[in-house]
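A.B. asks: Dumping the structure here so I can ask a few things about it.
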Amino acid sequence: MNRRPVLLPMYGCALRLVALGVPRGRRAEWVAEWVSELWYVWEAAQEQAAFVARHGEIAAFCRGAVEDARCLREHRPSVKASGSAVACCVALSLIALISIGLAHVLPGVTRAMRLPMYRGAAHIVTIAPAASSKVRPVATVALGAVRSLQQRPQHLFTDLAFYQPVSRPLHIAEGMSPVLSVGRASANFLDVLGVRVWFRQSSASDEPLLMLSESTWRRVFGASTSVVGATVKLGLQRVRLGGVVPDEAAPAGQRFDAWLLLPSGIADGLADSTPVYLIGSLEPRSDPALLNQSRWQMSVPVVDGAVDYDCTTLSSPPLATMQIFLFTVFLALLALPATTSLSLGDYPVRPTSLPWTTAVRRWLFLGAKIAMALPAIYFGSMDLTYAVAWSSPSAPEYVQLVVSFSATLFALRWTLRDQRQRCPVCLGKLTCPARVGQPSRNFLAWNGTELICVGGHGLLHVPELPTSWCGTQRWLHLDPSWSSLFFEAA
């Protein structure tokens, strides 16, 4: 007796209950698959004579559906997740954040990213007696000679300034008097150098100002801006804190904890025999041949003859690190077509089933990778270049030039290669490469590699050797009906 009208719907209901364990997005297609197979299993089971044998075979099929549901529920494909567009952007963002963080931690990098130390460094010279400067790069001059130079009619210098290294205790509070290395200088010293001064305070004409170096300001005063303008005692002299200057404000590689700017009334009281270092600011309309020399000599007439001085131009400020980086990006863009193909492949017209935002998202992803890679390259090259001290002032520029160019060219090549290996629909990495064809049949049949999107969106065919009829990789869109064959729904 045929029990199909009664028992077959019961088995169908059982399969629908089992389908509740299938992920919702794939539940309908699996129910349809099981119900259609149930029909064939039922027809095949009717050939069994025994009732138990017939329904035992059908029950075994239903138990198999339970196993299918369990596998579908537990299966978490990792291929697509590992190569997803989000994971790629997150990785690039982390690299950029790490390089930026290191750039703000490494002292050498923070100094290199600052603006040039001196404004118009090519017009600022150190002045020293010719005989002494053969022994020392910067030698002292008697303050009396400096006053004589200042009183002479000037056709070469617009201004002269001096400084003298001294050590003085800074009395902050009882039991707190750190000894500082101080550059005692004329009031116009920082202006002649063109050094930036943060939180600068104006002063009375007869009041000395103490300019703290940035490291001293942070170490002694905890980087508090409220101390600027306060009056403190430096040695036996009361001074006012007038601002903060960079640590590298001193010329000739010297470093001071602070600068004591003396008003003219106090500076005039120093003895003529006081040894000081002298700097001068050249007249911009001076001889161009003189301005182009890094070191030259001048002779100053005196009562009993002449005194020769060696004038050494301060090192020109290095090229801004951002300028070097932009130049290397330009060079990398010029070199890119010579090192890799700029084509992303042959992609057919977008199917009507896909929204227009799919194509826009693909190009936005390409731009996002480049936009996140460039900051990582800039700060990463700064970290590698300025993490160590260099003996030559121009060495870091060449190192950054090489590192930035190499990293930028590599990043651009990687960006294009990564884009070619992604599905244009879901932007996931294409997987499961398969060799198709034979090398000996390049001109008779297709030979190359076929990659597949785990979401079932399509296939990518990459030719082994470019030919006239298949010179670049080609993408083949798959109809949504193929989705049941893949791990992820299309």
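The values are calculated or read from the model by the stated rules, or taken from the named source; none is laboratory data. Quantities reported herein were computed from a predicted structural model and do not represent experimental measurements. Cβ atoms come from the backbone with ideal geometry, glycine included; neighbour counts cover every protein chain shown.
A.B. asks: Within the range 412-440, can you find the residues that are in contact (Cβ under 8 Å) with a residue 60 or more places away in the chain, out of contact with any Gly (no Cβ under 7 Å at 6 or more places or on another chain) and assigned to a helix (DSSP H, G or I)?
C.D. replies: Answer for the range 412-440, where residues must be in contact (Cβ under 8 Å) with a residue 60 or more places away in the chain, out of contact with any Gly (no Cβ under 7 Å at 6 or more places or on another chain) and assigned to a helix (DSSP H, G or I): 412, 413, 416, 417, 418, 419.
A.B. asks: Is the range 429-452 home to any residue that is within 30 Å of residue 101 (Cβ to Cβ) and surrounded by 17 or more Cβ atoms within 10 Å (Cβ to Cβ)? Outline the logic, then answer.
C.D. replies: Of all residues in the range 429-452, those within 30 Å of residue 101 (Cβ to Cβ) come to 429.
Then keep just the ones that are surrounded by 17 or more Cβ atoms within 10 Å (Cβ to Cβ); that gives 429.
Yes.
A.B. asks: Using the structure shown, decide if residue 182 is in contact with a Phe, Trp or Tyr (Cβ under 7 Å, 6 or more places away or on another chain) and assigned by TED's automatic domain parsing to the domain that holds residue 268.
C.D. replies: The answer is yes for residue 182.
A.B. asks: Would you be able to tell me the number of residues in the range 341-381 that are closer than 27 Å to residue 98 by Cα and either exposed (fewer than 14 other Cβ atoms within 10 Å of the Cβ) or modelled with pLDDT of 90 or more (or both)?
C.D. replies: Result for the range 341-381: 19.
A.B. asks: Of all residues in the range 138-168, which are of a type outside the set (S, T, N, Q), in a strand (DSSP E or B) and surrounded by fewer than 15 Cβ atoms within 10 Å (Cβ to Cβ)?
C.D. replies: 166
A.B. asks: Does the range 183-192 include one or more residues that are assigned to a helix (DSSP H, G or I) and β-branched (Val, Ile, Thr)?
C.D. replies: To start, the set of residues in the range 183-192 that are assigned to a helix (DSSP H, G or I) comprises 189-192.
Now narrow it down to the ones that are β-branched (Val, Ile, Thr): 192.
Among the residues of the range 183-192, at least one is assigned to a helix (DSSP H, G or I) and β-branched (Val, Ile, Thr), which makes the answer yes.
A.B. asks: Can you report the number of residues in the range 169-191 which are surrounded by fewer than 21 Cβ atoms within 10 Å (Cβ to Cβ) and of a type in the set (Val, Ile, Thr)?
C.D. replies: 2
A.B. asks: Looking at the range 198-212, can you tell me whether even one residue there is modelled with pLDDT of 85 or more and of a type in the set (Gly, Ala, Ser)?
C.D. replies: No; the residues of the range 198-212 include none that is modelled with pLDDT of 85 or more and of a type in the set (Gly, Ala, Ser).
A.B. asks: To continue, here is another question. When you scan the range 447-478, how many residues do you find that are modelled with pLDDT of 75 or more and either more than 37 Å from the chain's Cα centre (by Cα) or not in a loop (DSSP other than H, G, I, E, B) (or both)?
C.D. replies: 17
A.B. asks: Name the one entry in 338, 271, 332 that is modelled with pLDDT of 85 or more, part of a loop (DSSP other than H, G, I, E, B) and more than 24 Å from residue 193 (Cβ to Cβ).
C.D. replies: None of the other options fit; the residue is 271.
A.B. asks: For the range 201-242, how many residues are within 32 Å of the chain's Cα centre (by Cα) and outside any helix (DSSP H, G or I)?
C.D. replies: Going through the range 201-242 one residue at a time, the tally reaches 5.
A.B. asks: Still on this structure: Could you pull out every one of the helices (runs of 4 or more DSSP H) wholly within the range 1-105 that has 1 or more residues that are at pLDDT below 80 and surrounded by fewer than 15 Cβ atoms within 10 Å (Cβ to Cβ)?
C.D. replies: Once the helices (runs of 4 or more DSSP H) in the range 1-105 are filtered for at least 1 residues that are at pLDDT below 80 and surrounded by fewer than 15 Cβ atoms within 10 Å (Cβ to Cβ), what remains is 4-18, 24-45, 51-74, 79-82.
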